[in-house]
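Worksheet: the structure to be examined is printed underneath.
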Amino acid sequence: MDQHTIDTELTDAAELLDAASSGHLAYTAKDGTPRVVLVGIYWTGEQFVISTAATAPKVAALQAHPTVALAVDAGGTPDQARALSVRGRVDVRIVDGVVDEYLAAARKSMDAEAAAQFEQNCRDLYDRMARIAITPTWARYYDFGAGRVPKFLQDLAERGGQ
């Protein structure tokens, strides 16, 4: 997928990304088997940033197998359903203290008082964190209520006359 198409898909998903603070990360574990885990995410406008303890098992797995997929979704009904699927490569860096984007992601879903308490708890807990940055190499945004659906569903609906 070319960079222009990736950028367009991510721009179209801006409202979803502004609101989202979590997603599902798919990666290959060190034993070669697939994993999908719920993660906090922060979109910088260029990369998705995920943070975790430097000692988390996924850190070593991602360093060994840096190709991943990420799914971000929202909506409680079919008409509200929106989803962004991303494929990319990760860059893992161990940083001292708490990753800034980790706190920024948390602030999306907390009021100021809760966010301040969360930040203090994180600073007390983490002396180091892994900053996992995903650079998208492929992206597709779907908005089911607006009719922006996967092509195979469009084809099926057209064949069915809907």
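The values are calculated or read from the model by the stated rules, or taken from the named source; none is laboratory data. Just so it is clear, the structure is predicted and the values come from calculations on it, not from any experiment. Don't worry about glycine lacking a Cβ; one is built from the backbone with ideal geometry, like all the others, and counts go over all protein chains shown. Calculation scope for accessible area: heavy atoms of the full protein, side chains included, ligands and nucleic acids excluded. Shrake-Rupley method; radii C 1.70, N 1.55, O 1.52, S 1.80 Å.
Annotations
- Environment charge of V95, counting only residues whose C-beta is closer than 15 Å and scoring Lys/Arg +1, Asp/Glu -1: -1
- Per-residue extension of 0.36 nm, minus the Cα-Cα distance of A14 and M110, leaves a gain of 32.6 nm for this segment.
- Inter-probe distance in nm under a simple model that places probes 7 Å from Cα toward Cβ, at D31 and R93: 3.3 nm
- Eligible aspartates and glutamates near K58 by straight Cα distance, threshold 17 Å, same-chain separation 8 or greater: D31, D91
- Å³ per residue enclosed by the Cα convex hull of the stretch 1-58: 105 Å³
- Hydrophobic, long helices, defined as DSSP H runs whose alpha-carbon span along the helix axis is 18 Å or greater and whose mean Kyte-Doolittle value is at least -1.0, occur in the chain at 112-125.
- Recomputing Rg and Dmax of the Cα atoms in Å from the coordinates shown identifies the correct label among (i) 17.3, 59; (ii) 16.2, 58; (iii) 18.7, 63 as (i).
- Rolling a 1.4 angstrom probe over the protein heavy atoms with all chains in place gives the stretch 49-162 an accessible area of 57 Å² per residue.
- Rel. contact order, % - alpha carbon contacts under 8 angstrom, at least six apart, the stretch 1-125: 24 percent
- FRET efficiency for A60 and E158, using Cβ-Cβ distance with R0 set to 45 Å, rounded to 0.05: 0.45
- Helical content alone sets the calculated 222 nm signal of the chain at -9500 deg cm²/dmol, taking -39,500 (n - 2.57) per DSSP H segment of four or more residues and averaging over every residue.
- Just the protein heavy atoms count here, and of the accessible area of the chain at 1.4 Å, carbon and sulfur take up 49 percent.
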